[in-house]
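Notes for the one structure printed next.
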Amino acid sequence: MNYKNKKKRYLAVFSLLITPHLMAAPLESLEDSWYVGGAIGQSRLEPEGDNWNVDDNKDLSKKVYGGVNIGRNFGLEMFWNDLGVAKVSHNKTNAQANVAYKAYGGNLVYHVPSYLGDIHPIVKLGVAKLDTKGEGAEVNQKNKFAVMGGLGAEYQLSQGFRVRAEYELFDKDIDQLSVGLNWRPVLTRRPIEAPKTVVKEKAAESPRPIVIVNQPPTTPTIVKQAPVPVTPPVVRTIVKHVPVPTPKPQPKVVHKTLAGGSNFATNSAVLTSAGRLALDRMASDLLRDGVVIHNIAIIGHTDNVGSHIANQALSQRRAQSVANYLVSRGLSRQVMTVVGRGETQPIASNATAAGRMENRRVKIIVKGSQTIQN
């Protein structure tokens, strides 16, 4: 079997394996699912030509790329790659020459479900357009298309950055090893402040003026005293104002579940725009309603795909990510309890995709009190 037939067979097998997963994967929001990156590495170049020998087949390679995640485990990438230069010599004339390689194209990226915590394996398959240019040798070749593939892994540095290491095969004569850095946008918003109650003060009343009227002196007169009539007693009604009792704070418990599918990035604890929006609404409601919060329990859960250790770590990181975001929205970290339960407390069957999706969640329980005015 020749090399081209092998490539076609590998492409067909890969397509059959990933198509059902791709069709079932929910789409992510474009707002925070795209990313860009760059990498450097070492390439292996083996140009073929009559009477030419390869003296140095390794060189520094440089690459830039951008992509977008289109589901839970899949993404599309475009790239441009300067693969470097191979040094060759003619076996009869000893003439020296350089052959430069460049490639650009696109590929499908499959994010393998992570079993290693913050390390996320990837598999790539796509099409590349290869251009070669010789200096001192007639080996120019343009518009050559080749099926390419790659294997690698990414490590989560922070919410916005990942380190990527990968091996890529462009042709039986061209491959490279590279290390790079990915960046994706992380949308943030200003903390929500509790609404302030404005009390209007009544203006102080100005004192009324006192008017003194001068009266003319009067001459004394003799008045005969008449008998004093007996007056009946006066009965006064006294109204006593009883203060209205202040309403007592009533206990309040809020249960909120943040699904893991659309609210977190693929196989990570990074919140998507949908997840941040849900937490924004929750924090806004609590602050607006004047709830005095006594405790916030944040509990992370996963499905049973992967190892127990990896699932436990992922559930803890997702719960902590929710806690950090709620703190940024104005809630107190001192009242928060953060814990990861991993795969130990499923609420649905892990035998189906729908059940596993339900089990990937972060539970938020807020206990507090709220004064209700009558």
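Count the net charge of all other residues whose Cβ sits under 13 Å from the Cβ of Ser349, scoring Lys and Arg as +1 and Asp and Glu as -1.
Working: positive: Arg356; negative: Asp303, Glu343, Glu358.
Residues close to Ser349 contribute a combined charge of -2.
First measure r as the distance between the Cβ atoms of Val335 and Thr257, then evaluate 1/(1 + (r/R0)^6) with R0 = 25 Å and state the FRET efficiency to the nearest 0.05. Working shown, then result.
Working: r = 19 Å, r/R0 = 0.78.
Computed FRET efficiency for Val335 and Thr257 comes out at 0.80.
Taking the Cα centroid of region 297-374 and of region 67-86, what is the distance between the two, rounded to the nearest whole Å?
Region 297-374 and region 67-86 have Cα centres separated by 33 Å.
Treating only the Cβ atoms of Lys and Arg (+1) and Asp and Glu (-1) as charged, compute the dipole magnitude of region 34-183 about its Cα centre; round to the nearest 20 debye.
Approximately 360 debye in magnitude.
Can you sort Thr352, Thr272, Thr132 by how many other beta carbons sit within 10 Å, fewest first?
Taking fewest neighbouring Cβ atoms as first place, the list is Thr352, Thr132, Thr272.
State the percent of C-alpha pairs, over all pairs in region 250-370, separated by a distance greater than 26 angstrom.
Working: 1405 of 7260 pairs.
Here the tail beyond 26 Å accounts for 19 percent of pairs.
Please list, short to long, the whole-number percent of alpha-carbon pairs of region 34-183 in consecutive 10 angstrom bins beginning at zero.
So the P(r) values, bin by bin, are 11, 40, 27, 14, 6, 1.
For the modelled label position 7 Å from the Cα of Asp55 along Cα-to-Cβ, which residues of region 71-110 have backbone nitrogen atoms closer than 20 Å?
Residues 84-101 qualify, since their backbone N sits under 20 Å from the label point.
Which GluC sites (Glu not before Pro) in region 29-135 sit in a loop by DSSP (not H, G, I, E or B) and have at most 13 other Cβ atoms within 10 Å of their own Cβ?
For GluC sites (Glu not before Pro) across region 29-135 that sit outside H, G, I, E and B with at most 13 neighbouring Cβ atoms in 10 Å, the list reads Glu31, Glu48.
Would you please give the residues with an amide H less than 5 Å from that of Gly71, counting only those at least 5 places away or on a separate chain, with H modeled from the backbone geometry?
Sorted by chain and number, the residues that satisfy this are Glu28.
Within a Cβ distance under 15 Å of Val85, other residues only, what is the Lys/Arg minus Asp/Glu net charge?
Residues near Val85 contribute -2 overall.
No value in this document is a laboratory result; all are computed from the given coordinates. These numbers come from a predicted model, not from an experiment. Cβ coordinates were reconstructed from backbone atoms using ideal geometry, including for glycine residues, and neighbour counts include every protein chain displayed.
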